[in-house]
1. If you go through the range A:126-169 one residue at a time, how many are small (G, A, S), touching a helix residue (DSSP H, G or I) at 6+ places or on another chain (Cβ under 8 Å) and in contact (Cβ under 8 Å) with a residue 40 or more places away in the chain?
2. How many residues, within the range B:314-345, are among the small types (G, A, S), within 14 Å of another protein chain (Cβ to nearest Cβ) and part of a strand (DSSP E or B)?
3. Out of B:H542, B:H517, which single residue is in contact with an Asp or Glu (Cβ under 9 Å, 6 or more places away or on another chain) and closer than 21 Å to B:S589 by Cβ?
4. Among the numbered criteria (1) crowded, with 20+ Cβ neighbours inside 10 Å; (2) under 17 Å from B:Q66 (Cβ atoms), which single criterion is violated by B:N624?
5. Those residues that are at positive phi and not small (G, A, S), I need them from the range A:53-112; list them, please.
6. For the range B:383-417, what are the residues that are of a type in the set (A, V, I, L, M, F, W, C), part of a loop (DSSP other than H, G, I, E, B) and modelled with pLDDT under 95?
7. Residues that are among the β-branched types (V, I, T), at pLDDT 95 or above and either under 26 Å from the mean Cα position of the chain (by Cα) or surrounded by fewer than 22 Cβ atoms within 10 Å (Cβ to Cβ) (or both): does the range B:370-377 have at least one?
8. Criterion first (more than 29 Å from B:K36 (Cβ to Cβ), buried (at least 19 other Cβ atoms within 10 Å of the Cβ) and either within 14 Å of chain B (Cβ to nearest Cβ) or in contact with a strand residue (DSSP E or B) (Cβ under 7 Å, 6 or more places away or on another chain) (or both)) does A:I130 satisfy it?
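The values are calculated or read from the model by the stated rules, or taken from the named source; none is laboratory data. These figures come from a predicted structure and were not determined experimentally. In this analysis, Cβ positions are derived from the backbone assuming ideal geometry, glycine residues included, and neighbour counts consider all displayed protein chains.
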Amino acid sequence: MQRLIFIFFISFLILLPLNAYETEDKIKALLLGKISKYIKWKTSDTDNFKITIINNSQDKLFYEMYNDKNINDKIFTINYIDNISQIKDTDILYISADNSHDLENILQEIKGKNILSVSDIRGFAEKGGIVQIYFLSQKPKLKINLDEAKRESFKISSSLLRIVEVIHGDMK
Amino acid sequence: MILNKKSIVSLIFIWSSLDATDEFLDSDFEDILDMKSEIKVDVGSRNGNRNFLDSNVPVDVITYQQIDSSGLTSLSNLLRYFVPSFNAPETSVADGSDHVRAFSLRGMSPDQVLVLINGKRVHTSALLHVNGVIGRGSSHVDLDTIALKSIEKIEILRDGAAAQYGSDAISGVINIILKGFGHKNSIAIHGGKRKAGDGELLHTDLFLTKQLKYEGFVNLTLAVNEQKKTNRAGLDTRLDIPAQTTYVGLPHQKQILAVLNIEAPQSNNINLYADATFSHRDSKASAFFRPSNHNENTNLVYPNGFLPLINAKILDYSTTLGIQGRLSNSIEWDFSNKMGYNCFKYYVDNSMNYSLGLESPTSFNNGGLSFMQNSTNLDLKRSWDKFNLSSGIEYRYENYKISAGDLESYTGTGSQGFAGYNPQNEVDSNRNSYAIYIDSTYKFNDSLNVEGAGRYEKYSDFGSTTNAKLALSYKAIEELLLRSSASTGFRAPSLAQSNYSQTSSFVDTDTGLLSTHGTFKLDHEVAQTLGAKELKPEKSIHLTAGTVYQLSKKTFAMVDYFYTKVNDRIMLSNELSGVTPTQEAILESYGVSKARFFTNGIDTLTQGIDIKLKHEHIFEDESNLALTFWYSYNKNEVINYNESTISKESSLAQIDRIENGQPKESMKILTNYQKNNTTYTLNLNRFGSYRQVIAEEAYSFDAEWVADLDISYKIKENLIIAIGGHNIFNMTPNKWDGLSGIYYGYDGIKQYSRYSPFGYSGAYYYITASYDF
C-alpha cells in the first residue's frame, strides 16, 4: 500500500507544471480584452483603446490587467464610473451584475454611440445587449446579439461568430 | 529509495514556483473559451458562491462529470465511493432499515447531517431506525429518492453549520445542486449483475430540457430501476438438512424517480424558480425464517416453515416554489416555500399471526409512518466593497403520523416478521418553529477574510436556541490558505423520536400469557414511570483548523482537523423492566415486560483529520488525467453518560456501535484518465476496520480495499458505451471471528456483520449506454 501512495505522490511531481484553472473574473476580463481583435468599430482611435466599467468599483482586476498596457499596438485605458450619466468616450462598456436593475436605462443611454456593451447579466444579449459572457460546466461561453451589433454599426469577424452563440434581435 | 519524503516536498515547492509565471494575456481566444474556470460552491456561507479552495471552511465538490463516469446509479452509493468519511452500510434482516439506507458523515449519527437541494432544506424519511443498525434511533433524509441524472454537482461541507442553516447541520451539510441551463437531452440505460449471478440491476434515466428566455430552463429527469435481491445467507442449521432459508443481502426494489427543476427569469429582473422531486419505491426484504417448530401453530398454515417477507412501499415527494430579485439599492431578495413529504407503509406477506391459528391471514397491512415538512424563507443579501451581509427569516411546520395496521397484523402476537402498528401507537403530532439568522463576511484585505453568523430559533415543543459561528481564512502567501472556524450548533429532537411507539406481544414461556414489549412514546405512563423525560435538543460545539495549499491552479492539498462535541445526544434507552414496586405495578397493568424510549442519554466527542490531494493535468496530446487522494480519520467517543440506566457495561452494543461500529479510517484514490474518445476511471477505496457486539462480545472486522473500474467509449459524439464494475475483485468482509450461532456466526444465517461499509454482496459488473439528443 505504501508503494501505491508513493507512486501517487510521484505522479504529482512528474505531471507538473500544469495548466491553470482560472477564476471566472479573470476569464471574463481576458475575454473582454481579446474580443477587440474580432470587432471593428465604426471609427476607432488607432493608438488607444478604452474600456469603461460601470458600478463595479470593488473589482480592480480589469485595471490591474489592462490599464496602460500595450495590446495589439494599442494602449488600453480602464475607466470606472458609478452611473451611466458619467460615461465619456469609450469603446467597450462592461456592465456588471450589480447593474441588472438599471440595465434598460444603461442600454438606452449608449444607444447609437457605437459602444460595445458587454455583460455577465443573465439574459443580457436577449435584453438588447451585444456581448454576453456566461459559464457553463466551468467553461466560458459568449452570446452575441448580432442584430444589435449591426444596429450599433459593429463589424464582427466571421471567425468569432463561428465559435460563439449568435442570437438575433431584441427578444424582450 | 532515491527520493525520501523531505526531498519530495522540496521538489513540489520548487516546481510550484516555476508554475507561477502568468502567461495569461498571451492566450488565444479559442484557448480562453476552452479554459476551465474555478469550481464555485454555495454551501458554507449565505453570502454568495465562492471558489471552494478559498472557502473559510472545508467544502468538497462532486461534479456531474464525475457522477457520469462513476457507473453508479444511487446517491448513497455515489457518496460512499467518493467521500471517505461517508458511510452507508447495506443492512438486511432489520425491518424498515433494509429499505431506507442509513448514512453518516464522520461516524456520527445520520440525523446529524443536513441535506439541502438547491440550498433548501430537504425533509427526512418518516422511518426511524430502531433495530441494531448503524444509525439506530435516527430518522434521516432518504438520499436514494433523488435521481442522479438530475444533479449538476454535490457540495459537501465538512463543518458544523447550524448557526447558518439550523438544526441537524452537526457533522456536515450535503448540498445537491440540480442541473440548470445548458445541458442536453439524454437517455441512459444501465444493466448489471453480481458476480454471484444475482442482484440484477436495470436502471433507465431520461433527462429532458427546454430552454426558456434569458437562460431560463425547464429540466425534467425521470428514472426507473429494478434491483433484484442478493442473497449471502449461510445455511440454516435448524433444518434437518441445513439449507439457505433467509434472504441476507440487498432487498428486491423497484423504484420510479422524477426531478423537475425550473428557472424562468423575467425581463423585469425577477427570477421565478421551482423544483420538485418524486420517488416511489417498492422494496421487499425478509425477516428470519420460521421453521415448522417455531410455534405450536406454525405448521397449521406452513407445514415446512415460512419466510416472512417485509414489503415497504415508500412514497416521497417535495416541491419548491420561489421568487427572487434585486432591488435598485443592490439588495438581493429571495422568497421561497419548500414542502416535503415521506410516507412509509409496511406490508408483510408469506406470514401468519400465531394467535389467530388457522384463521390467520398470510398477508397483512401493518400500518405506516409519514412525515411532512414545510419551510418558508425570506432571504436578503447585500454586498459592499469589502463587506457582505445576508439575513433571513424562516418558518417551518412539521407533522408526523403513525397509522395502525389491520387488526390481524397487531392483535395477539401480531404478524410474524413485523408486527403491525396498533391503535395505541397511532399518533398525529406537529410542531412549528421560526428562525431569524444573519451571516456576514468582511474582507480586511486580500489575505484576511472573516465570517460571522448567528441564528435564533424557537420551536413550539422544546423552546428556543441561539447559535453562532466565527470563521476566518488567511492567505499567508498566494498559494497557502490557513483557515479555522468555531461554532455552536444543535439538533432538534425529531418528531419521530418524541412520538414513536411500536409495541408487540409474545407468549411468555414462563407464564403462558401474552407479554408486551417495545418502544414507548415519552408521555406514556410506562415510559414515564421508567424515567422518560421530554427530549432536549442535542447541543454541539465545533472547531476546525486547516490549510489549503495550491501547488498550482490544478493541484491542491487540503488538510483539516475537526472537533465536534455533542451534548445530550438522543438515543434509545436500554430495554428496561420495572424495579420499584410502583414501576412493576404500572408495567403489569399494561401487560408490559420490557420497555424502551428515547432519552438524551450521552455526550459524545468526535475528532479527526481529513487529508486531500488533487491534481489534474492536460497532456500535449490533449488527454486529461485527474488524480485524487483522500484520507479521513475520525474517532468517536462517548464521554459522558447522562442517565443512570445507561453505561458502557449496561449498553455495550449501543455504545460500542457509536464508538467502533463504523470505520475510523478510510481512504480513496480516485483516478480518471481521458484520451480521445475513451475515459478510464479507477477508484480504489479502503474501508477501515470496525466492530459489532453480539451477546455482549465485541467482534472485529478487518479493513478492506475495494476497487471500482469504469471504461467508457464515445462511439459517436452523442453516444457513449461504458463497461465497468464495482468491487471488481469481489472482496467480501471477513466472517464473524469465533462467533458460532444459528442467526449470527461464521456458520450461521448471517455470516457477515450488517455494519460492513461496503456490503457483502460482492462484485458487480455492468454495461451502460447513454445517448444525447
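1. Final tally of qualifying residues: 3.
2. Residues that pass the stated criteria total 1.
3. B:H517
4. (1)
5. Answer for the range A:53-112, where residues must be at positive phi and not small (G, A, S): A:N55, A:D68, A:N72, A:D73.
6. Selection gives B:W384 alone.
7. Yes, the range B:370-377 contains a residue that is among the β-branched types (V, I, T), at pLDDT 95 or above and either under 26 Å from the mean Cα position of the chain (by Cα) or surrounded by fewer than 22 Cβ atoms within 10 Å (Cβ to Cβ) (or both).
8. When the stated conditions are applied, A:I130 does not pass them.
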